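Asker: Just passing along the structure, written as structure tokens.
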Amino acid sequence: MTDSAGTPTEPDGPAENEPPTGTPGPGAGTAEAPDARAKADSEAVTGTVDGDAEDSDAEDIVPKHKQHWVRWTALATSLVLLAAAGVGWWFYRKLDANITTDTTAAEELETYEKERPTPLVHDAQNILLLGSDTRTGEGNSKYGRDDGGSQRSDTTILLHISADLRSATAMSVPRDLMVDIPSCRKHDGTRSRNQFSQFNWAFELGGTACTVRTVERLTGIRLDHHMVVDFSGFKDMVDAVDGVDVCLTEPINDADARLRLAAGKQKLNGEEALGYVRARKSIGDGSDTERMDRQQRFLGALVNKMQSDGVLLNPARLVPVLDAATKSLTTDPGLDSLKDLYDLTRALRSIPTEKVQFLTVPRQPYTANRNRDELVQPDASDLFQRLREDKPVSVVAKTDPDKETEKESGDTSTGASPTPTPTFTGTNAAVGMCE
């Protein structure tokens with residue numbers, strides 16, 4: 001009820017013969033009726049309140065020992081989250097700091113920018129991977145002397161990642177391939193002369209920049225990035241994935257490669273894997289060609305294991321791999337951060353293993369020196385053009401001639417002129433070392 005001014009009036013008292021409600025009437029003072037006190041005590045014990053009463057604070061409802069427990073739980077959770085964030089940031093900073101930036105090569109390449117090829121497909125990526133057998137650095141001296149700290153290129157691979165992220169092609173360049181090497185800045189500051197020499201001299205003469213320029217001159221492919229990995233980095237990556245399985249048809253005893261293995265299927269650790277991919281005289285026909293084929297198959301097996309074991313999707317397993325990869329990694333400024341490498345890894349993990357292909361540039365013994373190689377034309381130029389234009393490349397094992405003939409002949413069932421995809425000898429990451 002309200003009075004004429006709209007001000008609430010006092011509520012009406014209890015109706016006659018109704019039991020008291022325990023609410024003091026006007027003029028009742030501060031004294032409580034016995035029944036009211038009993039009800040209040042009951043509410044305090046049970047934690048319930050009358051529906052007409054106002055809500056109480058949480059501290060009036062939750063017992064004090066429960067309040068302390070809730071507070072400590074919240075505090076502990078906050079500390080765990082902060083610690084996890086701190087550890088994650090520490091790992092990120094550690095991995096990021098592992099990477100060495102090759103500013104010298106970047107400056108040299110900038111000087112010769114006008115003579116470098118123009119990229120034709122901007123979303124595709126071409127990355128030069130160099131396996132350096134330098135003896136400098138922790139743990140590498142046992143592989144031999146390094147007088148003057150000179151560089152040597154043990155493995156060179158041009159990795160092409162298609163613009164649609166559906167395929168990746170890794171093309172090996174033989175170290176003994178005869179090529180035109182441009183004038184390059186040497187390690188002592190002087191310049192080398194233009195020369196026609198074996199390919200791995202480019203790295204020894206002028207390091208990464210000279211190798212990049214030599215590959216670009218050879219293929220006409222613009223290289224977007226380069227990465228150099230030394231001995232210890234390769235070993236640590238193999239150990240980080242708990243080894244890689246290989247199958248050997250005969251035992252190996254190679255003192256130069258520091259390798260001794262029995263015949264049959266076995267898992268190689270990092271040290272054994274390094275000896276296996278570097279061995280030359282004691283495995284197969286002793287040629288560099290056979291060694292490159294072995295390196296490609298092993299890298300394919302390594303990629304396959306990383307994808308099939310979920311390494312790339314599991315941070316707990318990926319961090320050790322990244323740590324191993326970054327510790328002995330030197331890159332151009334465009335790939336010198338963990339974010340850049342993560343973006344590259346994310347692109348590669350979406351590619352099916354059967355679409356990660358390995359092959360060697362078509363070559364044959366050099367006519368003037370059978371211990372050197374030369375390009376097989378027009379096959380080599382066809383391969384370079386397809387990679388340059390981001391067109392499909394098909395590879396088949398050299399032990400499968402029927403399949404190779406079938407692909408090269410094309411499909412004429414429709415009566416249309418065949419337009420086959422050129423086929424090259426190689427393998428893919430889905431083919432294991434024991435197949």
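The values are calculated or read from the model by the stated rules, or taken from the named source; none is laboratory data. Given the structure is predicted, the values throughout are model-derived calculations rather than measurements. Methodologically, a virtual Cβ is constructed for each residue, glycine included, from the backbone with ideal geometry; neighbour enumeration extends over all protein chains shown. We work out accessible area using only protein heavy atoms, side chains counted, and drop any ligands, DNA or RNA first. Shrake-Rupley method; radii C 1.70, N 1.55, O 1.52, S 1.80 Å.
Asker: All but one of (1) surrounded by 15 or more Cβ atoms within 10 Å (Cβ to Cβ); (2) without any contact (Cβ under 8 Å) to a residue 60 or more places away in the chain hold for residue 292, so report the exception by its number.
Answerer: Against the list (1) surrounded by 15 or more Cβ atoms within 10 Å (Cβ to Cβ); (2) without any contact (Cβ under 8 Å) to a residue 60 or more places away in the chain, residue 292 comes up short only on (2).
Asker: For the range 311-343, give me the residue count where each residue is at pLDDT 85 or above, outside any helix (DSSP H, G or I) and closer than 22 Å to residue 211 by Cα.
Answerer: Qualifying residue count for the region: 5.
Asker: Of all residues in the range 238-266, how many are at negative phi and in contact with a strand residue (DSSP E or B) (Cβ under 8 Å, 6 or more places away or on another chain)? So that I can check it myself, show each step before the final result.
Answerer: So the first thing to find is which residues in the range 238-266 are at negative phi, and the list is 238-241, 244-257, 259-263, 265-266.
Still in the list and also in contact with a strand residue (DSSP E or B) (Cβ under 8 Å, 6 or more places away or on another chain): 238, 244-248, 251-254, 259-263, 265-266.
Count: 17.
Asker: Out of all the residues in the range 227-248, which are among the β-branched types (Val, Ile, Thr), open to solvent by 10 Å² or more (accessible area, probe 1.4 Å) and in contact with a helix residue (DSSP H, G or I) (Cβ under 7 Å, 6 or more places away or on another chain)? Before you say what the answer is, go through the steps one by one.
Answerer: Taking the range 227-248 first, the residues among the β-branched types (Val, Ile, Thr) are 228-229, 238, 241, 244, 246.
Next cut, open to solvent by 10 Å² or more (accessible area, probe 1.4 Å) only: 228-229.
Hit for the range 227-248 is 228, nothing else.
Table: residues versus (1) of a type in the set (Ser, Thr, Tyr); (2) under 17 Å from residue 291 (Cβ atoms); (3) buried (at least 22 other Cβ atoms within 10 Å of the Cβ); (4) modelled with pLDDT of 90 or more.
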{"site": "217", "(1), (2), (3), (4)": "no, no, no, yes"}
{"site": "220", "(1), (2), (3), (4)": "no, no, no, yes"}
{"site": "223", "(1), (2), (3), (4)": "no, no, yes, yes"}
{"site": "258", "(1), (2), (3), (4)": "no, yes, no, no"}
{"site": "267", "(1), (2), (3), (4)": "no, no, no, yes"}
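Asker: Scan the range 323-375 for residues that are more than 21 Å from residue 295 (Cβ to Cβ), surrounded by 18 or more Cβ atoms within 10 Å (Cβ to Cβ) and of a type in the set (Ser, Thr, Tyr) and jot them down.
Answerer: Listed by number, the list holds a single entry, 326.
Asker: For residues that are open to solvent by 60 Å² or more (accessible area, probe 1.4 Å) and either in contact with a helix residue (DSSP H, G or I) (Cβ under 8 Å, 6 or more places away or on another chain) or among the β-branched types (Val, Ile, Thr) (or both), tally how many sit in the range 379-390.
Answerer: Residues flagged as open to solvent by 60 Å² or more (accessible area, probe 1.4 Å) and either in contact with a helix residue (DSSP H, G or I) (Cβ under 8 Å, 6 or more places away or on another chain) or among the β-branched types (Val, Ile, Thr) (or both) within the range 379-390 amount to 1.
Per-residue answers, yes or no, for (1) within 22 Å of the chain's Cα centre (by Cα); (2) open to solvent by less than 20 Å² (accessible area, probe 1.4 Å); (3) at pLDDT 95 or above; (4) within 19 Å of residue 351 (Cβ to Cβ):
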{"site": "129", "(1), (2), (3), (4)": "yes, no, no, yes"}
{"site": "136", "(1), (2), (3), (4)": "no, no, no, no"}
{"site": "140", "(1), (2), (3), (4)": "no, yes, no, no"}
{"site": "145", "(1), (2), (3), (4)": "no, no, no, no"}
{"site": "148", "(1), (2), (3), (4)": "no, no, no, no"}
{"site": "151", "(1), (2), (3), (4)": "no, no, no, no"}
{"site": "156", "(1), (2), (3), (4)": "yes, yes, no, no"}
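Asker: Between a first residue in the range 240-255 that is more than 14 Å from residue 299 (Cα to Cα) and a second residue that is β-branched (Val, Ile, Thr), which pairs have beta carbons less than 7 Å apart while being 6 or more apart in sequence or on different chains?
Answerer: 240/321; 252/283
Asker: With respect to residue 194, is the statement that it is among the polar types (S, T, N, Q) and crowded, with 19+ Cβ neighbours inside 10 Å true?
Answerer: Numbers: among the polar types (S, T, N, Q): yes; crowded, with 19+ Cβ neighbours inside 10 Å: no.
Spelling it out, it is not the case that residue 194 is among the polar types (S, T, N, Q) and crowded, with 19+ Cβ neighbours inside 10 Å.
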